[in-house]
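The values are calculated or read from the model by the stated rules, or taken from the named source; none is laboratory data. Since this is a predicted model, take the numbers as computed values, not measurements. So basically every Cβ, Gly included, is an ideal-geometry build from the backbone, and we count neighbours across all protein chains shown.
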């Protein structure tokens, strides 16, 4: 139901706290007897998404005698930035943080200060948990936070307050760039992100037309651009589609994109996997033809991503015919200081012997601006999706998903992948639940030579999406330089890029959806 708010002018602004890594996706604030039990989790409020939970609470009343109702909830919006960003405030009921509008029991516009929901809501043993959620305005500033507090609850004729200072939360503002059902597509996955020489952000991803499963499927590579560092985005375009390959192959799918900028020429490259018929990770076979094995395709743009060249097939020139599959790792590639173009890549080895079709992370490189490409040797068996950076001494570091689980493989090469050496942090420094992750080197004029890493910070589950920074070329990742940015379960992939002179952009997956955040580097160095 719609509730008319009673507005009270605010006389003070509470401090908005920085995001920190939480032990789990949900924390309960310790409270005195009879006080509200506060439920807080780190999860951004997203433009374009209708329900964004900010804070939860449990009403501590005795319901054993029955007939207890909650009569009122008072919520304060904290500061002018929150008031400018929020279109609507919702009171929701449910044990878990709401994901859609099914749990809404009351809503109101934000007005100018404090909202008082007037209710007659029955309370029971299992239905005493409530959440405050918001809908953002379409122009909400992604450099702000949505901050609010629950001031009081009236239930069973009694006024119940939280412990002093416990009932406030401040969540980041982001963009739900692609949600399930957008433009008639079932879902979206596999983010890649890069910043062009002109400063345009190029986001690529899978358009999973009919379901959220991997290839083989009806999948195209989608693309959006932002000329203001992620504040606004162009409508979705299709950058790569099997329909462009002619009637014989039109029913196939192209997915798992990676994007790269040639810093010397400005040309932007996208590489992806084409699967014809029933070809996929498990079913791809030795050979070179589309009927036998997955195909590695590339396209490029010379006009900042506005138009794209016809698709080109690299498979005959780079794949060993005995391998079962060869393609790039999704995310982003790099251009080295000497002008080499480098995508992280992988292959499934030949059948038989010790490898028996197992996977190897590696790199795909070009020394002539993309005219010809070469594939490296396998860095380590049982590794797949990886990302690559060039370190200060010119060494290339490959950070890879490892099928053994629990932690990341980290390898280095000084000869474009012809030979590999285990890094000192291999299988030890970065926890991982067997998932794609992102790695970015940024030599920043104020904060120094940084490595930034993003993944689900867990050994077993795809949740707790976390940014980490290393100040020593990946030798250590101090806990004080970790920031949890989304604690909720999701598909877990992410990709990093500079998003302006002092912000890092994070394009990442919810549950088969694509979200964007912009995080200030200063937040790590306070």
Is at least one residue of segment 79-91 surrounded by 18 or more Cβ atoms within 10 Å (Cβ to Cβ), at pLDDT below 95 and part of a strand (DSSP E or B)? no
Please go through segment 235-268 and give me each residue that is over 15 Å from residue 208 (Cβ atoms), in contact (Cβ under 8 Å) with a residue 60 or more places away in the chain, more than 21 Å from the chain's Cα centre (by Cα) and surrounded by 15 or more Cβ atoms within 10 Å (Cβ to Cβ), ordered by number. 244, 245, 262, 263, 265, 267, 268
Condition test on residue 49, is it buried (at least 19 other Cβ atoms within 10 Å of the Cβ) and within 33 Å of the chain's Cα centre (by Cα)? yes
Tell me, which residue of segment 365-381 that is without any contact (Cβ under 8 Å) to a residue 40 or more places away in the chain and either in a strand (DSSP E or B) or touching a helix residue (DSSP H, G or I) at 6+ places or on another chain (Cβ under 8 Å) (or both) is farthest from residue 422 (Cα to Cα)? 366
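Only residues that are in a loop (DSSP other than H, G, I, E, B) and closer than 14 Å to residue 134 by Cβ: list them for segment 64-78, please.
First, the residues of segment 64-78 that are in a loop (DSSP other than H, G, I, E, B): 64-67, 78.
Within segment 64-78, just 78 meets the criteria.
Looking at 280, 199, which one is under 19 Å from residue 436 (Cα atoms), assigned to a loop (DSSP other than H, G, I, E, B) and more than 18 Å from the chain's Cα centre (by Cα)?
Residue meeting the stated conditions: 280.
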Which one of 454, 458, 497 is touching a residue at least 24 places away in the same chain (Cβ under 8 Å) and assigned to a loop (DSSP other than H, G, I, E, B)? 458
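Mind checking whether some residue in segment 289-306 is buried (at least 23 other Cβ atoms within 10 Å of the Cβ) and under 27 Å from residue 421 (Cβ atoms)?
Narrowing segment 289-306 to residues buried (at least 23 other Cβ atoms within 10 Å of the Cβ): 293-297, 305.
Then keep just the ones that are under 27 Å from residue 421 (Cβ atoms); that gives 296.
Yes.
Okay, residues lined up against (1) at pLDDT 95 or above; (2) in a strand (DSSP E or B); (3) touching a helix residue (DSSP H, G or I) at 6+ places or on another chain (Cβ under 8 Å):
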| residue | (1), (2), (3) |
| --- | --- |
| 112 | no, no, yes |
| 118 | yes, yes, no |
| 127 | no, no, no |
| 130 | yes, yes, no |
| 139 | yes, no, no |
| 147 | yes, yes, yes |
| 151 | no, yes, no |
| 165 | no, no, no |
Taking residue 210 and the conditions (1) touching a strand residue (DSSP E or B) at 6+ places or on another chain (Cβ under 8 Å); (2) surrounded by fewer than 22 Cβ atoms within 10 Å (Cβ to Cβ), which numbered condition does it fall short on, given that it satisfies the others? (1)
Inspect segment 329-341 for any residue being out of contact with any helix residue (DSSP H, G or I) (no Cβ under 7 Å at 6 or more places or on another chain), modelled with pLDDT under 95 and farther than 23 Å from residue 275 by Cα and give the result as yes or no. no
In segment 92-105, residue nearest to residue 36 (Cα to Cα) [restricted to those that are touching a residue at least 24 places away in the same chain (Cβ under 8 Å) and part of a helix (DSSP H, G or I)]: 103
